[in-house]
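Encoded as structure tokens, the structure appears first; notes follow it.
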Amino acid sequence: MTVCSAPGKVYLFGEHAVVYGQPAVPCAIERRARVTVEPRSDDHVRVEAEDLSLDGFTVEYDGTVGDHPDVDVERSLLDAAMGYIDAAVSQARDAAGAPNAGFDITVESDIPLGAGLGSSAAVVVAGIDAATRALGEPLAPRELADRAYRAEFDVQDGQASRADTFCSTMGGAVRVEGDDCEPIETPNLPFVVGFDGGAGDTGALVAGVRELTEEYGFADETVRSIGDVVREGEDLLEAATSGADPDAELLAELGDLMNFNHGLLSALGVSARSLDAMVWAARDAGAHGAKLTGAGGGGCIVALDPTPETETALSFTQGCVDAFRAELATEGVRVEV
Ligand code: PMV
């Protein structure tokens, strides 16, 4: 039995603009997906996933990836979750040169689904790592990140950046610009996450931004301005001491940039009433800055606050169903058992 876990992430800066080749800085957080893999003697794949839909599900199918029997789960939820697991199985089989390998797979996750925290990337990264290790063919981190990206790319019809999968594989903060991905040194950033219980439709939101940029020059400039905010943020992180607790001045400057980034995302039409309410509740509670994280439309916001105030304020904010502190996960994917 092989168990691997991989972290979710928040975007400190740069979602959406990253789709247009601007840099982005996602940061891994200590909320993980765990995938247990046991090789089988036949070519069947059996998947047990208690946390990937409302009631969880168990699916077993023969060697043909993607051909699932009906189970008692809303079809769209099953297809969404199984799409990622199938893609991870295909990548692991391909990487290990074992096209008929069968597995018993159990997925557990404490990352809210589809809410901008990289839940699918964490499942795919942990799944490919566990399955290739179980077959005796562990992958180097960059190859693992690349295969996880290709899995997401396939499931999302080409609408995927490398940000989530690279960040989940490597842990810590990373810088992504097109195909160029590098870990970056950061201080301990005191993230607080607010979750509205919903999820945005990433494909529709990305398409909406594209329409705006095609219609209006100023929307295109807004995307470039997000890139400028990211570069400014990177300079601040570079000048700070890695691994140390950040001083108030650094937090204030990063927070200002997060606020600016949220405003620009809002201008591009990807915020939501619930996200704005949580962003303002965090700012009113004294957070240094707050912004939506991920595709938007619903889901999560991220704030910077070393005190308990923001978490408490968010937990009393109408529309916020969960608020939690999210430590930077310095470790990316790892073997648990
Ligand atoms: O909601 P998430 O975590 O999948 O983030 C989407 C980020 C986008 O920039 C909007 C799209 C992408 O693939 O980078």
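The values are calculated or read from the model by the stated rules, or taken from the named source; none is laboratory data. All values reported here derive from a predicted model rather than from experimental measurement. Don't worry about glycine lacking a Cβ; one is built from the backbone with ideal geometry, like all the others, and counts go over all protein chains shown.
Identify, please: which residue in the range 189-212 is assigned to a helix (DSSP H, G or I) and away from the ligand (no atom under 13 Å from the Cβ) and is, among those, farthest from residue 262 (Cα to Cα)?
Of all residues in the range 189-212, those assigned to a helix (DSSP H, G or I) come to 202-212.
Cutting the leftovers down to away from the ligand (no atom under 13 Å from the Cβ) gives us 211-212.
Values: 211: 19, 212: 17 Å.
Taking the candidates together, the pick is 211.
Taking interchain pairs and intrachain pairs at least six residues apart, which have beta carbon atoms under 9 angstrom, with the first residue in the range 176-201 and within 19 Å of residue 166 (Cα to Cα) and the second in a loop (DSSP other than H, G, I, E, B) and of a type in the set (A, V, I, L, M)?
Between residues of the range 176-201 that are within 19 Å of residue 166 (Cα to Cα) and residues that are in a loop (DSSP other than H, G, I, E, B) and of a type in the set (A, V, I, L, M), the close pairs are 185/240; 186/240.
Output the residues belonging to the range 1-55 that are of a type in the set (A, V, I, L, M, F, W, C) and part of a helix (DSSP H, G or I). Full working, then the answer.
Let us first name the residues in the range 1-55 that are of a type in the set (A, V, I, L, M, F, W, C), namely 1, 3-4, 6, 10, 12-13, 17-19, 24-25, 27-29, 33, 35, 37, 45, 47, 49, 52, 54.
Within the range 1-55, 17, 18, 19 meet the criteria.
Restricted to the range 272-290, and to residues that are closer than 12 Å to residue 312 by Cα and in contact (Cβ under 8 Å) with a residue 60 or more places away in the chain, which residue is nearest to the chain's Cα centre (by Cα)?
Out of the qualifying residues, it is 278.
What about residue 232, is it free of Cβ contacts under 8 Å to residues at least 12 places away in the same chain and either hydroxyl-bearing (Ser, Thr, Tyr) or surrounded by fewer than 19 Cβ atoms within 10 Å (Cβ to Cβ) (or both)? Break it down stepwise before answering.
Numbers: free of Cβ contacts under 8 Å to residues at least 12 places away in the same chain: no; either hydroxyl-bearing (Ser, Thr, Tyr) or surrounded by fewer than 19 Cβ atoms within 10 Å (Cβ to Cβ) (or both): yes.
Answer is no for this residue.
Looking only at residues that are surrounded by fewer than 23 Cβ atoms within 10 Å (Cβ to Cβ) and polar (S, T, N, Q) in the range 77-112, which one is farthest from residue 3 (Cα to Cα)?
For the range 77-112, the residue satisfying everything is 100.
Being within 23 Å of the chain's Cα centre (by Cα) and surrounded by 17 or more Cβ atoms within 10 Å (Cβ to Cβ) is true for just one of 212, 250, 189. Which residue is that?
Working: 212 fails: within 23 Å of the chain's Cα centre (by Cα); 250 fails: within 23 Å of the chain's Cα centre (by Cα).
When all the criteria are applied, what remains is 189.
If I filter the range 287-306 down to residues being outside any loop (DSSP other than H, G, I, E, B) and within 12 Å of the ligand (Cβ to nearest atom), which single residue comes out as nearest to residue 248 (Cα to Cα)? Please lay out each step first, then the result.
As a first pass, look at the range 287-306 and keep what is outside any loop (DSSP other than H, G, I, E, B): 289-292, 300-304.
Going one step further and asking which of them are within 12 Å of the ligand (Cβ to nearest atom), we end up with 292, 300, 302.
Numbers: 292: 22, 300: 24, 302: 18 Å.
Selected residue: 302.
If you check every pair at least six apart or on different chains, which have Cβ atoms under 9 Å apart with a residue in the range 313-337 that is over 30 Å from residue 129 (Cβ atoms) and at pLDDT below 95 first and a residue that is among the basic types (Lys, Arg) and not in a loop (DSSP other than H, G, I, E, B) second?
Short answer, once both residue conditions are applied: 319/273.
Quick one: count up the residues across the range 108-143 that are within 21 Å of residue 198 (Cα to Cα) and more than 11 Å from the chain's Cα centre (by Cα). So that I can check it myself, show each step before the final result.
Step one: of the range 108-143, the residues within 21 Å of residue 198 (Cα to Cα) are 108-123.
Pick out the ones that are also more than 11 Å from the chain's Cα centre (by Cα) and you get 108-110.
Residues meeting the conditions: 3.
Could you identify the single residue in 37, 73 that is buried (at least 18 other Cβ atoms within 10 Å of the Cβ), modelled with pLDDT under 90 and in contact with a strand residue (DSSP E or B) (Cβ under 9 Å, 6 or more places away or on another chain)? Even if it seems obvious, please write down each step before you answer.
Working: 37 fails: modelled with pLDDT under 90.
Going through 37, 73 in turn, just one is buried (at least 18 other Cβ atoms within 10 Å of the Cβ), modelled with pLDDT under 90 and in contact with a strand residue (DSSP E or B) (Cβ under 9 Å, 6 or more places away or on another chain): 73.
Can you name every residue in the range 1-22 that is more than 11 Å from the ligand (Cβ to nearest atom) and under 16 Å from residue 333 (Cα atoms)?
If the condition is that a residue be more than 11 Å from the ligand (Cβ to nearest atom) and under 16 Å from residue 333 (Cα atoms), then 2, 3, 4, 5, 6, 7 are the ones that fit.
Which is under 23 Å from residue 292 (Cβ atoms), touching a Ser or Thr at 6+ places or on another chain (Cβ under 6 Å) and buried (at least 21 other Cβ atoms within 10 Å of the Cβ), of 196, 164? Steps first, please.
On the way: 164 fails: touching a Ser or Thr at 6+ places or on another chain (Cβ under 6 Å).
Just one listed residue meets the conditions, 196.
Give me a count of the residues in the range 114-134 that are at negative phi, within 12 Å of the ligand (Cβ to nearest atom) and touching a strand residue (DSSP E or B) at 6+ places or on another chain (Cβ under 7 Å).
4
If residue 178 satisfies all but one of (1) touching a Gly at 6+ places or on another chain (Cβ under 9 Å); (2) surrounded by fewer than 17 Cβ atoms within 10 Å (Cβ to Cβ); (3) more than 29 Å from residue 204 (Cβ to Cβ), what's the number of the condition it fails?
Single failed check for residue 178: (3).
Being under 16 Å from the mean Cα position of the chain (by Cα) and away from the ligand (no atom under 12 Å from the Cβ) narrows it down to one of 32, 40, so name that one. Before you say what the answer is, go through the steps one by one.
Working: 40 fails: under 16 Å from the mean Cα position of the chain (by Cα).
Testing whether each residue is under 16 Å from the mean Cα position of the chain (by Cα) and away from the ligand (no atom under 12 Å from the Cβ) leaves just 32.
Here are some conditions: (1) part of a helix (DSSP H, G or I); (2) surrounded by 19 or more Cβ atoms within 10 Å (Cβ to Cβ); (3) hydrophobic (A, V, I, L, M, F, W, C). Residue 153 meets all but one. Which one does it not meet?
So the condition that residue 153 fails would be (2).
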